[in-house]
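Q: Next up is a structure, given as structure tokens.
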Ligand code: UDP
Ligand code: MG
């Protein structure tokens with residue numbers, strides 16, 4: 001088994017409700033180590049680039065508006081199988097379908113305002129980490 005890194009965002013609905021610590025506790029309790037973390041105000045350009053794969057989806061405009069509406073916390077999480085583990089701990093995109101104990105079940109407000117982002121593959125994790133962090137900011 002090898003250590004993996006994944007990219008995480010604590011989204012505006014969560015930072016606004018002071019849930020950064022509560023969500024980090026769920027991550028840490030599940031063995032995800034926070035090896036880099038920064039609170040930022042995402043720009044429209046950053047959000048558009050980050051969610052480029054969804055550019056043709058009907059919710060893209062709203063999603064970009066949401067992600068730039070309040071500060072977010074961008075993070076790098078490290079664990080064995082970090083990508084899959086983080087997705088599991090986050091729960092389904094739609095909180096109504098999320099399993100008990102997951103971040104989205106506990107805290108998400110809706111399918112859009114769903115508290116957290118997590119990379120969906122190791123390849124995307126590396127690309128997303130590189131959009132927001134320099135190598136030397138990540139201390140494993
Ligand atoms: N989203 C939305 N409406 C939808 C589907 C997705 O607003 O019907 C938003 C939601 O914030 C989601 C993000 O777009 O987290 C990216 O969608 P994706 O399908 O990649 O879900 P995720 O990987 O975040 O579970
Ligand atoms: Mg996704």
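Q: Taking the range 95-109 as the region of interest, how many residues are within 16 Å of ligand 2 (Cβ to nearest atom) and either touching a helix residue (DSSP H, G or I) at 6+ places or on another chain (Cβ under 8 Å) or touching a residue at least 40 places away in the same chain (Cβ under 8 Å) (or both)?
A: Final tally of qualifying residues: 6.
Every residue, every condition in (1) over 15 Å from residue 47 (Cα atoms); (2) at pLDDT 95 or above; (3) buried (at least 20 other Cβ atoms within 10 Å of the Cβ), yes or no:
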| site | (1), (2), (3) |
| --- | --- |
| 59 | no, yes, no |
| 65 | no, yes, no |
| 90 | yes, yes, yes |
| 109 | yes, yes, no |
| 115 | yes, yes, yes |
| 120 | yes, yes, no |
| 126 | yes, yes, no |
| 129 | no, yes, yes |
| 135 | yes, yes, no |
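Q: So residue 42 clears everything in (1) buried (at least 19 other Cβ atoms within 10 Å of the Cβ); (2) over 21 Å from residue 126 (Cα atoms) except one condition, right? Which one?
A: Only one criterion is unmet by residue 42, namely (2).
Q: Consider residue 139 carefully, then state whether it is closer than 20 Å to residue 37 by Cβ and either surrounded by 13 or more Cβ atoms within 10 Å (Cβ to Cβ) or within 16 Å of ligand 2 (Cβ to nearest atom) (or both).
A: No.
Q: Show the residue pairs that are 6+ apart or on different chains and have beta-carbon atoms under 6 Å apart, the first residue being within the range 50-64 and touching a residue at least 24 places away in the same chain (Cβ under 8 Å), the second being within 13 Å of ligand 2 (Cβ to nearest atom).
A: 63/51
Q: Which count do you get for residues in the range 118-132 that are near ligand 1 (Cβ under 10 Å from one of its atoms) and in contact with a helix residue (DSSP H, G or I) (Cβ under 8 Å, 6 or more places away or on another chain)?
A: Of the residues in the range 118-132, 3 are near ligand 1 (Cβ under 10 Å from one of its atoms) and in contact with a helix residue (DSSP H, G or I) (Cβ under 8 Å, 6 or more places away or on another chain).
Q: Determine which single condition residue 14 fails, assuming it passes every other condition in (1) under 12 Å from the mean Cα position of the chain (by Cα); (2) away from ligand 2 (no atom under 16 Å from the Cβ); (3) within 30 Å of residue 2 (Cα to Cα).
A: Condition (3) is where residue 14 drops out.
Q: If you don't mind, there's one more thing I want to ask. Which of (1) buried (at least 16 other Cβ atoms within 10 Å of the Cβ); (2) more than 16 Å from residue 115 (Cα to Cα); (3) out of contact with any helix residue (DSSP H, G or I) (no Cβ under 9 Å at 6 or more places or on another chain); (4) in contact (Cβ under 8 Å) with a residue 12 or more places away in the chain does residue 84 not meet, given it meets every other one?
A: Every listed condition holds for residue 84 apart from (4).
Q: Kindly indicate which of 112, 101 is assigned to a loop (DSSP other than H, G, I, E, B) and on the phi > 0 side of the Ramachandran plot.
A: Testing whether each residue is assigned to a loop (DSSP other than H, G, I, E, B) and on the phi > 0 side of the Ramachandran plot leaves just 101.
Q: Output the number of the condition that residue 111 fails; it satisfies all remaining conditions of (1) touching a strand residue (DSSP E or B) at 6+ places or on another chain (Cβ under 6 Å); (2) closer than 22 Å to residue 59 by Cβ.
A: Tallying (1) touching a strand residue (DSSP E or B) at 6+ places or on another chain (Cβ under 6 Å); (2) closer than 22 Å to residue 59 by Cβ, residue 111 fails exactly one: (1).
The values are calculated or read from the model by the stated rules, or taken from the named source; none is laboratory data. Just so you know, these numbers come straight off a predicted model, no measurement behind them. Using ideal geometry, Cβ is built from the backbone for each residue, glycine included, and neighbour counts are taken over all protein chains shown.
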